[in-house]
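Every number here is computed from the coordinates shown, using simple stated rules; none is lab data. Everything numeric in this text was worked out from a predicted model, so none of it was measured. Here the Cβ is made from the backbone with ideal geometry for all residues, glycine too, and neighbour counts use every protein chain on show.
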Amino acid sequence: MEVPGRRGVGRPKKTWKNCLIEDMRAKGDCRQPFQGGSFFDHEGLPYCETHYHAKRGSLCAGCHKPITGRCITAMFRKFHPEHFVCAFCLRQLNKGTFKEQNDKPYCHGCFEKLFG
């Protein structure tokens with residue numbers, strides 16, 4: 001897929017083959033090849049799906065994968081509904097029905113046992 005250069009600068013069209021973002025966790029560039037030549041465009045730059053969602057703030061805090069469907073926002077983070085779980089018993093939580101301790105969510109029962 002081609003992305004045009006900036007208008008008025010006289011730059012030729014550029015063909016993107018790899019994700020160009022610097023992945024700080026991997027200490028280098030992602031360079032993941034684009035499958036079938038398709039990529040995610042964010043502010044005129046090409047990204048793999050994971051880095052596109054990271055830029056947009058739509059990665060799940062539980063599994064670190066892109067959220068494309070339903071989403072729970074809690075503790076200033078986003079989760080797939082099935083990944084928003086009690087940090088102790090791992091049962092799925094619903095927004096508004098949990099307690100927080102040390103930046104971790106707990107169901108009411110586990111919170112009382114551990115901290116009550």
Summed residue charge, Cβ within 13 Å of Gly57's Cβ, Lys/Arg positive, Asp/Glu negative: +4
Segments 83-90, 46-53 sorted - mean Cβ within 10 Å per residue, highest first: 46-53, 83-90
Which residues in region 43-60 place their backbone N less than 20 Å from a point set 7 Å from the Cα of Met75 along the Cα-to-Cβ direction? 54, 57-60
Once the dipole of region 58-116 is set up from charges on Cβ (+1 Lys and Arg, -1 Asp and Glu), the residue from the list Cys89, Leu59, His108 lying farthest towards its positive end is Leu59
If r is the Cβ-Cβ distance from Leu45 to Asp103 and R0 is 30 Å, what FRET efficiency results, to the nearest 0.05? 0.40
